[in-house]
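All remarks here apply to the structure that follows.
The values are calculated or read from the model by the stated rules, or taken from the named source; none is laboratory data. Please read all numbers here as calculations on a predicted model, not as lab measurements. Don't worry about glycine lacking a Cβ; one is built from the backbone with ideal geometry, like all the others, and counts go over all protein chains shown. Please note that ligands, DNA and RNA were not included when accessible areas were found on the heavy atoms of the full protein model with its side chains. Shrake-Rupley method; radii C 1.70, N 1.55, O 1.52, S 1.80 Å.
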Amino acid sequence: ETLSYSNSYKFNDFKADNKTQEHEFRVNLDLKRNNQHQMLPGYFRFLDIWRFKDSSSLNWYIEYLSTGKDDLISRGNGLLNTDAGYTASVTYFSKNSGKFRNHGYLDYTDTYLGGKGYSAHIHPSYYFQDNYSISWGIYYTDTKNWINWQSDNLFGSYHRKFLNNRLDFNANISQRQELRLRFQWIAIDAKAEQQLQLNNRGNLTPTDNNIKDFNISNTALQLRYRYEISPLSNIYIAYSRGGEFFSKDDGSLIGLFNNGLNNVTGNNFLIKVRYNLF
């Protein structure tokens, strides 16, 4: 069962010499119950959006997350009572013209499961021409008291550092040819804080057991070329390579790159022809 409410109010009566195109306030409310009529965490969000005449935009929001019962994180080992929390965020998009374009955000979060800390994202793009572009997306999260399920009714609390890098090159060579390149690296460095156990009242309580740090590093490379033989008929040539690394040893986030790159888990070359006979 879900109860959702959304309302917005827009201002667009600005003078000709004003840089603002539109100013919008938006309110969102979301309340949920599961099949057993137990209240799940809901949220209330206030969003303030500024859109400018050069096509750039700026917005910020504050979100309140209510108490509730999480019925998914324990994988069927009981309901978890969650405390209230909040997130504050600001996002910027540059104008969508010109050779250099950029967008990004900065969040501060204090939630029961996600932990307390911040997230940041920056995504610059460069357009050599309208049909040739390269972009680099960086996502970074640093939070303490991040709750992660381990097994049965056991959880771990960690100081988590998360990094996601994505590099994209797109080339529309002609109306019949395109080339796509993507390289992505995802890494997690989780420093153990304490082990927690879910009791029969739905609360997490510390145990006397020690838990270990863990590190994850994944890399993925994909190169794809498409040639259009005729309408709805194409030749695809693709190469993909993947790497994966997991460890419970102490390490650093940046040092995980070579581990994920060198431990190859997939190396594939594919040629595909799709031909329309009618």
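Report, to the nearest whole %, how much of the accessible area of the chain belongs to carbon and sulfur atoms, 1.4 Å probe, protein only. C and S fraction of accessible area: 53 percent. By the gyration tensor of its Cα atoms, with a ≥ b ≥ c the square roots of the eigenvalues, what is the shape of region 57-177: rounded for a/c under 1.5, prolate for a/b over b/c, or oblate? Prolate, because a/c is 1.5 or more and a/b exceeds b/c.
Ratio of Rg to Rh for the chain, alpha carbon only, Kirkwood? Please report the intermediate quantities before stating the final value.
Values: Rg = 23.6 Å, Rh = 22.6 Å.
Ratio of gyration radius to Kirkwood radius: 1.04.
In the chain, helical runs assigned H by DSSP with n ≥ 4 each contribute -39500 (n - 2.57); averaged across all residues and rounded to the nearest 500, the mean residue ellipticity at 222 nm is -500 deg cm²/dmol.
Tell me which trypsin sites (Lys or Arg not before Pro) from region 111-215 have a DSSP coil assignment and no more than 14 other beta carbons within 10 Å of their own. Please report the intermediate quantities before stating the final value.
Values: sites: K116, K144, R160, K161, R166, R176, R180, R182, K191, R201, K212; in loops: R176, R201, K212.
Counting only loop positions with at most 14 other Cβ atoms within 10 Å, the trypsin sites (Lys or Arg not before Pro) in region 111-215 are R176, R201, K212.
Counting other Cβ atoms within 10 Å, keep those with at most 13, restrict to DSSP loop, and tell me which chymotrypsin sites (Phe, Trp or Tyr not before Pro) in region 151-224 are left.
Numbers: sites: F155, Y158, F162, F169, F183, W185, F214; in loops: none.
Taking region 151-224 and a limit of 13 other Cβ atoms within 10 Å, no loop chymotrypsin sites (Phe, Trp or Tyr not before Pro) are found.
Evaluating 6.51 cos²θ - 1.76 cosθ + 1.60 at θ = phi - 60° for every residue in region 145-155, the Karplus couplings come out as 6, 6, 9, 10, 5, 10, 6, 6, 9, 9, 10 Hz, glycine and proline recorded as x. Pairs of lysines in region 1-154 whose Cα atoms sit within less than 25 Å of one another amount to 15, provided the residues are eight or more positions apart or on different chains.
Positive-end ranking of S151, F128, L163 along the dipole of region 101-165, with charges on Cβ about the Cα centre, is headed by L163.
Taking the Cα centre of region 148-278 as the origin, how large is its charge dipole in debye, to the nearest 20, when only Lys and Arg (+1) and Asp and Glu (-1) carry charge on their Cβ atoms?
Working: 15 positive and 11 negative charges, 134 e Å.
So the dipole magnitude of region 148-278 works out to roughly 640 debye.
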